[in-house]
Amino acid sequence: MDKERKLLIAGNWKMNKTVAEAVSLVEGLVRELSNVKEVDILVCPPFTALYAVSQKILDTQIRLGAQTMNENNYGAYTGEINAGMLKEFSVRYVILGHSERRQYYKEDDALIAKKALAAHAAALKPIICVGETLAQREAGQAEAVIGKQVEGSLAGLSADQMEETVIAYEPVWAIGTGKTATSAQAQEIHQFIRKTLAKMFGEAVAKKVRILYGGSVKPANARELMSQPDVDGGLVGGAALEVRSFSDIVKNSI
Ligand code: 13P
């Protein structure tokens, strides 16, 4: 697939995999995907498996990401992890504002914007998640909701920082439900996000930003989704937990 932006296929392992299981998964991915250069490949294990996974992907094309981080540098924030700590494990990307964090941990756009700035200060690339609920879509509010999330979560970023930021559109109704947005629905929202980025940061920056789709991405629907002009990759949950399905998503996207 010949696209303007290099595709990024990212696996969000969420709260799954012991260290032993994570190592076994990543060893399988290295076997299957070590020769793939056409797309960027990213795995985002839980914090506890970052070190072990980092050791298995040395000298490979696979990159490492985290699933969240704290916006502060150091201090009394029990249970939290900062950007510098992630860098120690060769982490390059960090998912921010996933809908599960917005919903269960009350993360809002202002907090996500602070985290994005902290990530950039440590030279980590944020993957900022946005997406509407089913009720919002049915009420015809999808674009209004997503526009507000994009503007709020990216507030304060410079154009240079924006170029090093990834957006993930994840309709909440498609996450873990088996319901995928149609490729036309995904393209429509991705195009809207890119227009919003153009208004905020200018056309040239907007053209460079990768916008990933997430929500029940599977080997069977990857090719169709990734062939949309404004879909620049995928953020994969359930299907990223097995070597076969994640590798097939990558291969079907090329
Ligand atoms: P599923 O692929 O399991 O629907 O999860 C998507 C997701 O939330 C990735 O961040």
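Since every read-out is calculated from the coordinates, none of them should be taken as a lab result. If you're wondering where the values come from, they're calculated on a predicted model, not measured in any experiment. Virtual Cβ from ideal backbone geometry, glycine too; neighbours counted across all protein chains shown.
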*Using the number of other C-beta atoms within 10 angstrom as an exposure proxy, rank Ser183, Ser253 with the fewest first.*
Ser183, Ser253
*Place +1 on the Cβ of every Lys and Arg and -1 on the Cβ of every Asp and Glu in the chain, take the dipole about the Cα centre, and give the residue among Gln67, Met200, Ala220 whose Cα lies farthest towards its positive end.*
Ala220
*Ser90 paired with Lys199, simple spin-label distance in nm, labels 7 Å along Cα-to-beta-carbon*: 4.2
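How big is the Cα convex hull of region 114-254 in projection, averaged over all directions, in nm²? Please list the in-between numbers first.
Numbers: hull surface 33.6 nm².
One quarter of the hull surface, i.e. the mean projection, equals 8.4 nm².
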*Nearest-20 debye value, the chain charge dipole, Cβ charges on Lys, Arg, Asp, Glu*: 180
*Could you list which residues have their amide H under 5 Å from that of Ile128, counting only those 5 or more apart in sequence or on another chain, with H placed in the peptide plane?*
Leu96, Val166, Ile167, Ala168
*If you rank Tyr77, Tyr213, Tyr93 by fewest surrounding Cβ atoms within 10 Å, what's the result?*
Tyr77, Tyr93, Tyr213
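Restricting to Cα atoms and excluding each atom paired with itself, what does the Kirkwood estimate give for the chain in Å?
Numbers: mean 1/r = 0.0555 Å⁻¹.
This gives a value of 18.0 Å.
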*What's the local net charge at Met69, with K and R +1, D and E -1, over the other residues with C-beta under 14 Å away?*
+2
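Would you work out the charge dipole size for region 47-155 about its Cα centre, treating the Cβ of every Lys and Arg as +1 and the Cβ of every Asp and Glu as -1, and quote it to the nearest 20 debye? Let's see the in-between values first.
Numbers: 12 positive and 12 negative charges, 61 e Å.
Dipole magnitude for region 47-155 comes out near 300 debye.
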_Using amide H atoms built in the peptide plane, which far-off residues or other-chain residues are under 5 Å from Gly214 H to H?_
Tyr169, Glu170, Leu235
*With charges only on Cβ, +1 for K and R and -1 for D and E, what is the dipole size of region 8-93 about its Cα centre, in debye, rounded to 20?*
60
_Under 5 Å, built H, 5+ apart or other chain: amide partners of Gly11_ = Leu42, Val43, Cys44, Val236
*Given the rule -39500 (n - 2.57) for each run of at least 4 DSSP H residues, summed and divided by the residues of the chain, what is its mean residue ellipticity at 222 nm, to the nearest 500 deg cm²/dmol?*
-13000 deg cm²/dmol
